[in-house]
Amino acid sequence: MSVVAAAAAQAAQDSSWAQTVIFWVCAPLSVLGALGMVVSRKAVHSALWVAVTMINLAILYVALQAPFLGMVQVIVYTGAVMMLFLFVLMIVGVDSSDSLVETIKGQRWLAIVLSLGVGVALIAAEGNSIVGPAVGLDAVNAADGGNVQALARLMFGRYVLAFEVTSALLISAALGAMILAHRELHTPRSTQAELSDSRFRLEGPKGPRLVPGVYARHNAVDTPALLPDGSIAIDSVPGPMQARGALRPVDEPALDEVVEVFEGHAVLTAPVTPESSGDSDGEGEN
Amino acid sequence: MDPNAYVLLSAILFTIGSVGVLVRRNAIVMFMCVEVMLNAANLAFVSFAHANGNLDGQAIAFFVMVVAASEVVVGLAIIMTIFRTRRSASVDEENLLKY
């Protein structure tokens with residue numbers, strides 16, 4: 001009997017030790033993720049930091065004997081919600097970084113101070129609210145044969161009304177999102193002929209827009225095309241890359257080389273003579 | 001392991017989330033901060049459930065997750081609609097009712 005009790009105590013101590021390790025690994029990481037979310041300039045980086053926080057919280061849930069909630073956390077938050085955030089960020093655009101202009105003067109510092117006040121109040125109010133060691137959920141879970149079964153008994157028993165209301169909420173949320181995202185067409189959709197017509201009524205060049213530069217050393221989309229006078233055609237680079245400032249102009253030596261060849265000071269490779277070009281043409285035809 | 005540590009972590013996360021909501025101007029990032037605040041509350045629920053040996057906290061946390069998911073769906077749809085008309089996701093641009 002005493003052997004069994006000692007083994008149980010040992011097991012409890014082991015699980016407590018594991019819980020301590022998990023907490024001290026995951027808690028700093030989750031706080032780091034939250035801080036990274038607040039200080040990241042770009043919204044995409046914030047989203048990735050939030051994902052870090054969510055995953056660490058899921059691990060903490062599992063450590064707190066809530067494996068079902070841990071899995072739901074991974075599936076719902078990191079799986080669905082963060083993907084939704086990333087999709088919306090993709091639509092809104094990568095250049096939607098925050099402005100650092102304060103609309104209300106001193107609002108930022110006031111906000112930080114007041115939030116820290118709320119945090120201190122929270123910690124003071126509930127920091128020591130749990131007296132004594134944690135009871136643990138072993139007994140409750142074992143009564144129904146597992147955490148999922150025990151939660152199911154609660155959800156379809158005591159909380160069945162809330163559960164049904166939740167289903168109504170989910171359906172209305174889906175409908176609301178569909179209505180909000182739906183765009184009514186007020187004018188008939190223009191045909192290809194009308195689009196072409198309107199394009200030719202516009203001022204400016206009628207042809208296709210300039211493509212990004214394709215040179216011997218650079219053929220990526222971030223290399224702007226060169227105009228006849230050697231200046232850079234900024235319009236040839238896609239808008240998002242312009243917004244990021246990720247332009248890679250063709251390098252100066254290459255430009256100088258081209259200019260020198262053009263002015264007759266240097267020769268690139270073997271000169272093309274009319275005879276040789278005629279020969280090659282003839283071979284091509286044969 | 002002191003069960004109060006989890007509650008402290010939840011308070012810290014909640015504070016960081018509220019700082020983010022008040023400081024950031026991008027509507028999407030503010031929304032993420034709200035998510036972190038909801039998660040902090042969930043952590044408090046789960047840790048209280050563990051400390052008291054009572055599963056009700058986990059059930060409530062589950063319902064919070066469901067509500068948060070539907071809230072994200074509608075909220076992001078609203079942000080998309082505003083972006084479509086104003087071409088901006090910044091909350092400072094949404095000032096039509098101000099003047």
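Listing A:TRP17, A:TRP49 from the residue with the fewest other Cβ atoms within 10 Å to the one with the most, what is the order?
Numbers: A:TRP17 11, A:TRP49 21.
Fewest-to-most ranking of A:TRP17, A:TRP49: A:TRP17, A:TRP49.
Set the Förster distance to 35 Å, then compute FRET efficiency between A:GLN242 and A:LEU114 from the Cβ-Cβ distance, nearest 0.05.
Numbers: r = 39 Å, r/R0 = 1.12.
My answer for the efficiency is 0.35.
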Legend entry - Projected label distance in nm at A:SER172 and A:SER198, using a 7 Å step from Cα toward the beta-carbon: 3.9 nm
Legend entry - Inter-probe distance in nm under a simple model that places probes 7 Å from Cα toward Cβ, at A:HIS45 and B:ARG87: 2.7 nm
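Run through region A:111-184 and list the GluC sites (Glu not before Pro) located in a DSSP loop whose Cβ has at most 15 other Cβ atoms within 10 Å. Before the final figure, lay out the partial values.
Values: sites: A:GLU126, A:GLU164, A:GLU184; in loops: A:GLU184.
Those that pass, being in a loop and sparsely packed, are A:GLU184.
Run the numbers for B:TYR99 and B:ASN54: contour at 0.36 nm per residue of separation, minus the present Cα-Cα distance, in nm. Could you put the intermediate results ahead of the total?
On the way: separation 45, 0.36 × 45 = 16.20 nm, distance 5.22 nm.
Between B:TYR99 and B:ASN54, full extension yields 11.0 nm more.
How high is the FRET efficiency from A:VAL131 to B:VAL67, r the C-beta distance, R0 41 Å, rounded to 0.05?
Details: r = 31 Å, r/R0 = 0.74.
Efficiency for this residue pair is about 0.85.
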Legend entry - Cα-based reach from A:LYS105 at 21 Å (exclusive), listing lysines while leaving out same-chain residues under 8 positions away: B:LYS98
Inset, instruction - Mind checking A:106-116 for the average number of partner chain beta-carbons within 10 Å of each residue's beta-carbon? - result: 3
Inset, instruction - Mind checking which of B:PHE62, B:SER88, B:ALA40 is farthest towards the positive end of region B:8-99's charge dipole, using Cβ charges of +1 (Lys, Arg) and -1 (Asp, Glu) about the Cα centre? - result: B:SER88
Legend entry - Simple spin-label estimate for A:SER16 and A:GLN107 in nanometres, 7 Å along Cα-Cβ: 4.9 nm
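For A:VAL211 and A:GLU184, FRET efficiency with R0 = 35 Å and r from the beta-carbon atoms, rounded to 0.05?
0.45
Chymotrypsin sites (Phe, Trp or Tyr not before Pro) within region A:156-211: which are DSSP loop residues with at most 13 other Cβ atoms inside 10 Å? Intermediate results must be reported in sequence, preceding the final value.
On the way: sites: A:PHE156, A:TYR159, A:PHE163, A:PHE200; in loops: A:PHE156, A:TYR159.
For chymotrypsin sites (Phe, Trp or Tyr not before Pro) across region A:156-211 that sit outside H, G, I, E and B with at most 13 neighbouring Cβ atoms in 10 Å, the list reads A:PHE156.
All of the numbers you see were taken from the coordinates with simple rules; none came from a lab. Since the model is a prediction, treat every value here as computed from it, not as a measurement. Glycine gets a Cβ as well: all are built from the backbone with ideal geometry, and neighbour counts include every protein chain shown.
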